[in-house]
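*Asks:* The structure under discussion is supplied below as structure tokens; questions concerning it will follow.
Each value in this text was obtained by applying a stated rule to the coordinates, not by laboratory testing. Please read these numbers as outputs of a predicted model, since none were measured by experiment. Glycine also receives a Cβ, built like all others from the backbone with ideal geometry; neighbour counts cover every protein chain displayed.
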Amino acid sequence: MKNIYRIYKCKSCKREMILMNDEVEKALNNGKYLSCAYCNCRHLSKEKETSDLRECMDHNAYKKIKGKVRQVHSI
């Protein structure tokens with residue numbers, strides 16, 4: 001089974017982003033590049049690929065705030 005999600009970690013601000021594989025591949029094939037959503041740094045390291053979103057989120061604590069899932073703190 002093909003993995004759906006990729007986890008990237010910014011080398012500058014150390015934050016993590018969860019992106020969908022299809023969207024990442026489309027962007028890279030069209031000559032685009034990936035950058036951090038927080039600090040716009042282009043230096044990202046690929047941490048993990050998975051097909052289950054819960055695996056991506058298991059090491060942090062999340063809760064819903066105004067209908068959106070937000071990271072509360074790292075465990």
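*Asks:* Given a Förster distance of 22 angstrom, what is the FRET efficiency for D58 paired with N30, based on the Cβ-Cβ distance and rounded to 0.05?
*Replies:* Result of the calculation: an efficiency of 0.10.
*Asks:* For the chain, compute the number of Lys pairs whose alpha carbons are separated by less than 13 Å, excluding pairs fewer than 8 positions apart on the same chain.
*Replies:* Lysine pairs meeting the criterion: 4.
*Asks:* Among 27-36, 61-70, 13-22, how do they line up from the highest to the lowest mean number of other beta-carbon atoms within 10 Å?
*Replies:* On the way: 27-36: 11.5, 61-70: 8.6, 13-22: 13.8.
In decreasing order of mean packing, 27-36, 61-70, 13-22 become 13-22, 27-36, 61-70.
*Asks:* Note down the Stokes-Einstein diffusion coefficient of region 5-74 in µm²/s, whole number, using a Kirkwood radius over alpha carbon pairs, 4 °C, and 1.567 mPa s.
*Replies:* In µm²/s, the coefficient is 99.
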